[in-house]
Amino acid sequence: MSGFRFASLGSGSEGNALVAEVAEGTGVTRLMIDCGFGIRECERRLQRLGLDPGGISGILVTHEHGDHIGGVERVARKHGIPVWMTYGTFVASNLGGIGTYKDALDITVHLIDHHEPFCVGGIEVHPFPVPHDAREPAQFVLSDGARRLGVLTDLGASTPHVEAMLAGADALVLECNHDGEMLQNGPYPARLKARVGGSHGHLDNAQAAALLARVAHAGLSHVLAAHLSRQNNTPALARLALATALGCEADWIGIADQDEGFGWRTLG
Ligand SMILES: [Zn+2]
Ligand SMILES: [Zn+2]
């Protein structure tokens with residue numbers, strides 16, 4: 001048995017989690033990126049994908065915002081799952097209320113350099129830094145050694161380094177947080193509009209589309225829009241922006257929905 005597949009438990013400001021699984025021979029490595037859901041909700045969503053929480057090999061945490069880290073400590077402790085994150089994320093998250101004392105925590109936390117790739121079982125993890133209003137945020141490219149899945153949410157702007165990391169990826173999960181016009185005309189107070197739309201906030205549909213146009217290639221087999229705002233975006237607008245960038249049908253673009261996430265996608 002061999003294969004590389006991924007799915008989303010849900011994505012948006014109320015909680016994010018994604019799972020990626022690489023099977024080689026009899027071994028399976030299954031990593032979760034972020035867990036912004038509580039224990040019961042996380043277990044329910046995993047079950048929907050046919051997974052048992054005990055079968056998760058590790059949790060990679062992108063940054064300390066609650067919609068990404070909210071459930072990490074409890075899920076990791078209950079199911080004995082090790083966690084990987086940067087030092088800045090660890091300190092800012094104040095896991096267990098113990099600040100920098102990693103060794104006093106009753107879950108295993110591996111501190112990572114977000115420029116240094118590492119392996120967990122059969123999955124190569126390539127972290128990279130992004131501009132976002134968190135202490136030391138990272139996003140991830142996951143690989144089985146041949147195929148690559150890029151996951152990118154929570155950044156105010158693309159950078160040459162972000163695009164170098166995502167170039168050639170076989171699958172992309174890409175933040176389409178808001179439509180610029182809907183955000184400006186929407187219900188958020190001016191300060192929040194400035195934060196969300198700012199250089200360390202979130203990507204809008206047009207920014208995501210421009211990024212996608214720069215990293216797209218003939219082998220790109222999955223593109224999914226993620227972290228959509230319920231107030232300031234619609235799936236149709238996100239799909240249209242990304243499809244226009246690729247010159248494909250809007251239906252080909254997937255959506256990581258807040259409630260439903262998306263079902264398993266297979267690479268290769
Ligand atoms: Zn977020
Ligand atoms: Zn964030």
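Any read-out appearing in this document is the output of simple, stated calculations on the displayed coordinates, not a laboratory observation. These figures come from a predicted structure and were not determined experimentally. We place every Cβ from the backbone using ideal geometry, glycine too, and count neighbours over all the protein chains shown.
Tabulated data
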item: Rounded Å value of the spacing that divides the Cα centres of region 109-125 and region 173-207; result: 31 Å
item: Exposed GluC sites (Glu not before Pro) absent - longest run of the chain, DSSP non-H/G/I/E/B, at most 16 other C-beta within 10 Å; result: 15-248
item: Residues S2 and H200, FRET efficiency given R0 of 41 Å [Cβ-Cβ distance, rounded to 0.05]; result: 0.55
item: Considering only region 25-146, percent of DSSP beta bridges that pair antiparallel, nearest 5; result: 50 percent
item: Local electrostatic count at P117 - Lys and Arg +1, Asp and Glu -1, tallied over other residues with Cβ under 14 Å; result: -3
item: 5 Å binning of all Cα-Cα separations within region 76-214, expressed as whole percents from 0 upward; result: 2, 9, 16, 18, 17, 15, 12, 8, 3, 0
item: Local electrostatic count, D52, Cβ distance below 15 Å [Lys/Arg +1, Asp/Glu -1]; result: +4
item: Difference of contour (0.36 nm per residue) and Cα-Cα distance, H115 to A210; result: 31.8 nm
item: Spin-label zone in region 26-50 - amide nitrogen under 17 Å from a point set 7 Å from the Cα of R230 along the C-beta vector; result: 36-38, 41-42
item: Inter-label distance for R44 and R191, nm, one decimal - labels placed 7 Å from Cα along Cα-to-Cβ; result: 3.3 nm
item: Spin-label model distance (nm) - E260 vs L246, 7 Å beyond Cα toward Cβ; result: 1.8 nm
item: Dipole of the chain [Lys/Arg +1, Asp/Glu -1 at C-beta], most positive-end residue of G70, T244, V22; result: G70
item: Other-chain or far-sequence residues with amide H under 5 Å of A225's (modelled H); result: L174, G254, I255, A256
item: Given charges at Cβ of Lys, Arg, Asp, Glu: the chain dipole, positive-most of I59, C119, L49; result: L49
item: Amide proton proximity set for S13, modelled H, under 5 Å, gap of 5+; result: R230
item: Residue-averaged [θ]222 nm for the chain, counting only DSSP H segments that reach four residues, each worth -39500 (n - 2.57); result: -7500 deg cm²/dmol
item: Whole-percent pair-distance distribution, where bins are 10 Å wide, for the alpha carbons of the chain; result: 7, 32, 38, 19, 3, 0
